[in-house]
Structure formats: structure tokens, C-alpha cells
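Colleague: For reference, the structure I am asking about is given below.
The values are calculated or read from the model by the stated rules, or taken from the named source; none is laboratory data. Remember, it's a predicted structure, so these values are computed and weren't measured experimentally. Note that we place each Cβ from the backbone using ideal geometry, even for glycine, and neighbour counts take in every protein chain shown. Accessible surface areas use protein heavy atoms only, side chains included; no ligands, DNA or RNA. Shrake-Rupley method; radii C 1.70, N 1.55, O 1.52, S 1.80 Å.
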Amino acid sequence: MSVRGARIHAHGGLEQITVDEFELREPAAGEVRIGLRVAALNHLDLFVLEGIPGIDMPLPHVLGGDGAGVVEAVGPAVDGVAVGDEVVLNPGLWCGRCANCLAGEQSMCPGYQLLGEHVDGTLAQAIVVPAVNCYPKPSRLSWEQAGSFGLVTLTAWRMLVRNAQVGPGQTTLIHGVGGGVGLAAMQIVLAAGGQVFVTSHSDAKLERASELGATHGWNYRRADIAREVRAATGKVGVDVVVDNVGNATFATSIRACRKGGVIVTCGSTSGPELPVDARYVFWNHLRIMGSTMGSDEDFRSMLRSVDSGAIEPVVDSVFALDDTVAAFRRLQAAEQFGKVVVALP
Ligand code: ZN
């Protein structure tokens, strides 16, 4: 069948994104076709647009990792998913047979891939995915919310619940709060009874974060964040730092973390080289934990939290498929507070 989607035919800038028509293959065994209602952008899409060293994606390539929609067709040997089901997608793809998959650690699969990165993504009217990637859409959510939270909320969930094990009374510093991971992280920490400190380049975003429950917010263009954190914690430092900015923030993360604290990293939007002063790391007993996406069980636990209302996916803006370039421009300019969503016709 023929569908329309936002694709790139070559790597480069926003001028490479075109909305055009292409042939979608039929679902194979274990797969389903989803008629997508919405997709959402992630910073990853900007990396994919530029081209990622070491990842050889066939072109043309459909962008987008997040999405939600309705099951339209079911391939052979599919259990538990039926035509007409309203679903959200887990953007991760795993083999299901290796030791890590069999141990329930799907995001540690050596063959782990992401929709929209290694294979065609969600910025299209339909997509064919493994049935195991479909989870029931929380009925209380709008389609725009449902299609936007998967990647960032799963990422934040695993970092904070599984890795950092945030609990009541703990303090967490989150860099760059307007992004999807930062907002999901903030809600997860607050739901666990912790306190959240945030940073941003935008006073308006700090104001929004404060309304959502952040205890402190600092504009990193004006404030020495590590100094402010120490002042706010009686010179102790925070229990947890969420750092997905990387190069620009990591030195601050190390100085802001308390003795025995943990820094969790899931990305490096400002560049992958981390400035690490080893003396702080060993003297302060710091733990630096890497994290990517999450397991099937992480997704289910996270989904229960979204279902219950403890996590409320924040939608920044909704664009039409034909305006996908404008959606990317908003993401690229870091103007968003929450997810940039594309509604699919
Ligand atoms: Zn595997």
C-alpha cells in the first residue's frame, strides 16, 4: 500500500526533509501495520538528519521514533494485538533470542535498534512494526499526548527508577528542562516524592517548570549552577543528576553531585566528549551510569504511571505532516517546552 511520510533522500539540513509518497511493505510473521494518528520528534531525529557516524541507514529514510495509532492489519503468528486496537509504540527493536533479551533486558540487546534511526520511522501515515512493540494507548490521553511520550518517558523511567532508584526526600538536578527527557524525569522524581532542581536558557521555561513542581530553577546563562546547587543543599550537592546534554554540562554535573551520588546519562545533545575531572569522581565516590531506552518491563511500568496520571505527557505544539520542516525548525531552535508533535492525515 502507498502512504505519505516525511523522508530524507540525503543527509544534511532541514532542506533534505520532503513529504512524499512511498510503498509500505505488508506485515510479516509477528508484525502489524499501524495507521498512525500522530508522531513526535526527538533530538535523535536531528542526528539522523545529519547522519550518524557508524550507522548506515538505507536512503530514502522515514524520520521519527515516537507514534501512536490504530492497528490496521495483522501478519501471521500475532498474539494479543488485533485490528482496531488503539496502541502506542515502543520505539526500540530487539531480537528476542539473545541472553539479554531472554533475561528481559531488551534495550541491552546487541542488535538493539530504534524506529526512525536504524529503520524507517513513524513520521508517516502508517508503519509496519513487531506486534510486541504495541502497548495499549492510555485511554485518558489525547492522541497528541499518546504519540509523544514513549521514547523520552521510557528513557527517563529507566534512568531514575531502575538506575538511580530515586526515592522520597532525594534531590535531583535536571539540565535543560524544556526537553522531553527533562520533563518526564521531573515528573518521575516528583511522583517518587523527590525534589527537582532544573536549569534552562529560558526564564519562561523555568517558570513553567516551577508551576509543574520544580523547587529551584536557574538560568545557566547567568548562574553558576554547581554553586547554586551547593547553596541550595547546605553544601552537600544533589543525590542524582540527569545529564543528557553531555559536553556542555558534564563538568557541572560532577561538581553538583553529592558524595556517593549518581549521575545518569542517556545522551549528549551538546557533543559526545565529556569533560571529567577524575579527582571529583573518586574523591566523591561518584557513580556515572549510562542508560539507553528501557526494557519491555520498564515500558509497562512506565505506562502504568502514565495511566494513573502520575506522569502527564506535555505537548508543546502540533504540526501538520506537510509542515514537518517547521516542526523540526522549532526543535532545532530549542524553543519547545514538551514534545513537538506531527498529526498524520
Ligand atoms: Zn536480543
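Colleague: Specify, per residue and in Å³, the volume enclosed by the convex hull of the alpha carbon atoms belonging to segment 240-293.
Modeller: For segment 240-293, the hull spanned by Cα atoms encloses 62 Å³ per residue.
Colleague: Amide H to amide H under 5 Å from ARG37: which residues, 5+ apart in sequence or cross-chain, H placed 1.01 Å off N in plane?
Modeller: Counting only residues 5 or more places away or on other chains, the set is ALA68, GLY69, VAL70.
Colleague: Here is a further query. Which residue fluctuates the most in the chain, going by a Gaussian network model with Cα springs under 10 Å, if the choices are ASP243, ASP322, ASP277?
Modeller: ASP277
Colleague: Can you run the Rg to Rh ratio on segment 256-345? Use alpha carbon positions and the Kirkwood inverse-distance Rh.
Modeller: 1.09
Colleague: Just want the answer: with Cβ charges of +1 for Lys and Arg and -1 for Asp and Glu, which residue in ALA185, PRO76, THR233 is farthest toward the dipole's positive end in the chain?
Modeller: Checked the options; the winner is THR233.
Colleague: Can you pull the percent of Cα pairs in segment 1-93 with separation above 17 Å?
Modeller: I get 57 percent for the Cα pairs in segment 1-93 exceeding 17 Å.
Colleague: Put one equal scatterer on each alpha carbon of the chain, apply the Debye formula with no solvent term, and list log10 I(q)/I(0) at q = 0.09 1/Å to two decimals.
Modeller: For the requested q values the scattering log ratios are -0.47.
Colleague: With a Cα-only, solvent-free Debye model of segment 49-117, what are the log10 I(q)/I(0) values at q = 0.14, 0.28 Å⁻¹?
Modeller: -0.61, -1.16
Colleague: Using label points projected 7 Å from each Cα along Cα→Cβ, tell me how many nm separate ALA82 and ILE55, to one decimal.
Modeller: Label-label distance for ALA82 and ILE55, simple model: 3.6 nm.
Colleague: Between ALA73 and ALA251, what length comes free when the chain is fully extended (0.36 nm per residue of separation minus the Cα-Cα distance, one decimal in nm)?
Modeller: Going from the current span to full extension adds 59.1 nm.
Colleague: Rounded to the nearest 5, what % of DSSP beta bridges with both residues in segment 11-166 are antiparallel?
Modeller: 95
Colleague: Take the eigenvalues of the Cα gyration tensor for segment 187-271, scale each by 5, and report the square roots as semi-axes in whole Å, largest first.
Modeller: Value: 17, 16, 14 Å, ordered largest first.
Colleague: Computed FRET efficiency, Cβ-Cβ of ALA310 and CYS98, R0 30 Å: what is it to the nearest 0.05?
Modeller: Computed FRET efficiency for ALA310 and CYS98: 0.40.
Colleague: Taking the solvent-accessible surface of protein heavy atoms with a 1.4 Å probe, what is the per residue accessible area of segment 7-103 in Å²?
Modeller: Counting only protein heavy atoms, the per-residue value for segment 7-103 is 45 Å².
Colleague: OK, next. How much length is gained on full extension from ALA29 to HIS9, taking 0.36 nm per residue of separation minus their Cα-Cα distance?
Modeller: 4.3 nm
Colleague: Using the alpha carbons of segment 158-300, what is the convex hull volume per residue in cubic angstrom, as a whole number?
Modeller: For segment 158-300, the hull spanned by Cα atoms encloses 101 Å³ per residue.
Colleague: Right, next: Give me the distance in nm between label points sitting 7 Å out from Cα along the Cα-to-Cβ direction at ARG300 and ASP224, one decimal.
Modeller: 4.9
Colleague: Now for a separate question. Search the structure for amide H atoms under 5 Å from the amide H of GLY65, placed 1.01 Å from N in the peptide plane, and list their residues when 5 or more places away or on another chain.
Modeller: For GLY65, whose amide H was placed from the backbone, the distant partners under 5 Å are ALA40, ASN42, THR122.
Colleague: Heavy-atom accessible area per residue, segment 149-253, 1.4 Å probe: how many Å²?
Modeller: 36
Colleague: Let me ask another. Quick one: Cα centre-to-centre distance for segment 208-258 and segment 68-142, in angstrom?
Modeller: 35
Colleague: Using a 1.4 angstrom probe on heavy atoms only, work out the carbon and sulfur share of the accessible area of segment 124-175 in %.
Modeller: Carbon and sulfur together cover 52 percent of it.
Colleague: Suppose every K and R has +1 on its Cβ and every D and E has -1 on its Cβ; what is the size of the dipole of the chain about the Cα centre, in Debye to the nearest 20?
Modeller: Charge dipole, the chain, about its Cα centre: 1400 debye, nearest 20.
Colleague: Can you give the Rg to Rh ratio for segment 54-177, taking only C-alpha atoms and Rh from Kirkwood?
Modeller: When Rh is taken as the Kirkwood radius, the ratio is 0.99.
Colleague: Out of all DSSP beta bridges in the chain, what portion is antiparallel? Express it as a percent rounded to 5.
Modeller: Of all bridge pairs located within the chain, approximately 55 percent are antiparallel.
Colleague: Next question. Hey, what number do you get for the chain at 222 nm if only DSSP H runs of n ≥ 4 count, each worth -39500 (n - 2.57), divided across all residues, to the nearest 500?
Modeller: Value at 222 nm, helices only: -7000 deg cm²/dmol.
Colleague: What accessible area, in Å² to the nearest ten, does a 1.4 Å probe give for LYS339?
Modeller: 20
Colleague: Here is a follow-up. Using a probe of 1.4 angstrom, how much of the accessible area of segment 229-334 is carbon and sulfur, in percent?
Modeller: 52
Colleague: What length, rounded to one decimal in nm, is gained on full extension from THR18 through to ARG287, with 0.36 nm per residue of separation minus their alpha-carbon distance?
Modeller: 92.5 nm
Colleague: Hey, what do the phi angles of segment 59-75 turn into as Karplus ³J(HN,Hα) couplings, whole Hz, using 6.51/-1.76/1.60 and θ = phi - 60°, x for Gly and Pro?
Modeller: So the Karplus estimates, Gly and Pro as x, are 10, x, 9, 7, 7, x, x, 9, x, 8, x, 10, 5, 9, 8, 10, x Hz.
Colleague: Helix hunt in the chain: which complete DSSP H runs extend at least 15 Å axially by C-alpha with mean Kyte-Doolittle at least 1.0?
Modeller: Once both thresholds are applied, what remains is 180-191.
Colleague: May I pose another question? Around ARG7, with a cut-off of 10 angstrom between Cβ atoms, what is the net charge of the other residues, counting Lys and Arg +1 and Asp and Glu -1?
Modeller: Value of the local net charge: -2.
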